[in-house]
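Remarks on the structure that follows.
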Amino acid sequence: MALEDFRADAMRCTRCSYCKWIPFSLVKSWEFSKGCPSVDYNNFHNYSGGGRLLTMLSLMDGRSEVTDQVVDIAYKCQLCGNCDVTCKVCRYDMEPLAGIREFRRTLNEQGHVPATYPAIIARFRESGNLFGVSQARRANWADGLGLKQLGAGGVDKTEIVFHAGCRYSFDPSLKTAVRAAASVLKRAGVDFALDSAEGCCGGKPYDMGYREDFVEMAKANLARWSAAGVKTVVTPCATCFHTFTRLYPEIGSTVKVLHTVQLVDRLIKDGSLKLTKSVPMTVTYHDPCHLGRQGEPYVPWNGQEVKIYGQAVVYDPPRPRYIGAYGVYDAPREVLRAIPGVELIEMERSKEAAWCCGAGGSVREAYPEFNAWTAGQRVQEAKSTGAEAIATACPGCEKNFAEAVSADGAKMKVLDVLELVEQAL
Ligand code: SF4
Ligand code: SF4
């Protein structure tokens with residue numbers, strides 16, 4: 001793709017501003033009606049999905065040039081995808097989110113990136129992960145769990161591999177959640193192995209616009225899985241899930257991917273997991289963007305853009321439309337409802353209308369104040385439900401909410417769904 005491939009979208013944008021809100025049919029109150037953290041925080045049209053398309057068009061037409069402000073507009077966005085969902089309620093065939101990603105890739109290739117990016121990508125290239133920690137320590141989180149290892153003196157083959165991801169592997173504050181996820185699968189008798197040579201999924205470099213780094217990381221993972229006979233990858237990380245399901249197929253992956261909440265939902269339903277202990281708690285569930293509205297299955301498309309009567313742009317054959325409605329919404333909710341004692345209370349903005357945790361699109365790394373503000377907004381919404389805990393299914397969301405709850409002084413617990421499952425076993 002190239003920026004020019006989004007010219008039709010940019011020209012078709014009617015500046016209606018619908019992408020600044022959640023779909024109007026889902027609005028329950030003025031307080032929680034906004035959908036785009038970026039335009040809400042920056043309070044200027046160019047920071048919305050439509051505003052970014054407008055900025056791209058101006059650059060393509062040579063009416064403006066890349067300034068620090070343009071760089072800020074391109075990257076101060078969580079790539080949460082709310083604009084993609086709301087735009088498609090009224091429009092056909094527009095892809096604001098894909099356009100913003102291409103905007104970033106183009107600027108990145110020209111050397112225009114936020115100040116923190118060079119150090120971050122250097123860490124990825126030197127150590128193979130976001131944190132710059134030795135890869136030899138990647139599986140330390142699983143010490144003492146007695147899990148099967150792929151490679152490093154363990155097994156040579158496995159049909160199911162457990163991919164923890166960088167955050168779970170190296171952030172000690174998230175260790176309880178990832179250990180719970182692996183322990184629950186083991187208790188259910190799932191025959192899986194950890195990958196001793198697990199590499200970063202590449203999702204973060206992709207979002208930062210470092211497309212070649214992403215391809216390199218993806219190919220390394222796919223080659224190792226292929227050699228080991230892996231048929232299914234199970235991950236507790238929503239970002240890895242999205243990367244494997246939506247981005248890897250673009251470079252030829254056919255591996256089956258499950259988020260741990262999907263697998264655990266099946267294990268509860270087929271009787272492999274029996275939740276017997278009561279966990280009395282009111283819980284509100286936060287849909288991670290990468291598992292929810294961006295967690296829809298990949299649909300291959302190899303068509304072309306054509307013009308009717310030299311005017312209207314259409315796609316032949318029709319392009320798949322990712323509208324956010326078919327993300328992974330039911331599995332985490334059904335798992336929570338299966339836990340004795342848990343009462344699930346929905347936030348006003350849920351499923352495809354969920355407000356982002358703030359961490360997406362590398363905003364956590366590049367714009368810490370904006371990241372914290374966005375997470376704080378979601379914590380206020382969670383508090384308004386009266387729930388005792390926020391449960392989620394993504395390490396980025398969990399980390400952000402834990403910090404935001406602490407900053408707020410709220411009494412809420414922040415948990416992964418599978419931590420609650422483990423308590424119920
Ligand atoms: S991107 Fe879509 S929703 Fe946003 S202003 Fe343009 S047409 Fe409207
Ligand atoms: S991806 Fe999210 S933060 Fe970025 S413009 Fe769209 S709605 Fe706003």
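Here are a few things to note about the model shown:
- A count restricted to region 61-100 and to residues that are part of a helix (DSSP H, G or I) and either within 16 Å of ligand 1 (Cβ to nearest atom) or charged (D, E, K, R) (or both) stands at 18.
- Test result for residue 39, away from ligand 2 (no atom under 13 Å from the Cβ) and at pLDDT 95 or above: no
- Residues of region 381-404 classified as out of contact with any strand residue (DSSP E or B) (no Cβ under 6 Å at 6 or more places or on another chain), assigned to a helix (DSSP H, G or I) and more than 17 Å from residue 348 (Cα to Cα), total: 7
- Residue 317 fulfils the conditions (1) more than 13 Å from ligand 2 (Cβ to nearest atom); (2) closer than 14 Å to residue 396 by Cβ except for a single criterion, (2).
- Residue in region 46-54 that is within 16 Å of ligand 1 (Cβ to nearest atom), free of Cβ contacts under 8 Å to residues at least 40 places away in the same chain and assigned to a loop (DSSP other than H, G, I, E, B) present: yes
Yes/no per residue for (1) outside the structural domain of residue 180 (by TED's automatic domain parsing); (2) small (Gly, Ala, Ser); (3) within 16 Å of ligand 2 (Cβ to nearest atom); (4) surrounded by 13 or more Cβ atoms within 10 Å (Cβ to Cβ):
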site: 93; (1), (2), (3), (4): yes, no, no, yes
site: 100; (1), (2), (3), (4): yes, no, yes, yes
site: 121; (1), (2), (3), (4): no, no, no, yes
site: 128; (1), (2), (3), (4): no, yes, no, yes
site: 151; (1), (2), (3), (4): no, yes, no, yes
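- Filtering region 155-176 to residues that are of a type in the set (D, E, K, R) and either buried (at least 16 other Cβ atoms within 10 Å of the Cβ) or in a strand (DSSP E or B) (or both) leaves 167, 171, 175.
- Among the numbered conditions (1) surrounded by fewer than 18 Cβ atoms within 10 Å (Cβ to Cβ); (2) more than 15 Å from ligand 2 (Cβ to nearest atom); (3) over 15 Å from residue 89 (Cβ atoms), the only one that residue 14 does not meet is (3).
- Within region 216-244, the residues that satisfy the criterion of being within 9 Å of residue 165 (Cβ to Cβ) and either without any contact (Cβ under 8 Å) to a residue 12 or more places away in the chain or outside any helix (DSSP H, G or I) (or both) are 235, 236, 237.
- Every condition in (1) over 19 Å from the mean Cα position of the chain (by Cα); (2) within 15 Å of ligand 2 (Cβ to nearest atom) holds for residue 80 except the one numbered (1).
The values are calculated or read from the model by the stated rules, or taken from the named source; none is laboratory data. All figures in this text were calculated on a predicted structure; none of them were measured in a lab. Reconstructed Cβ throughout: ideal geometry from the backbone, glycine too, with neighbour counts over all protein chains shown.
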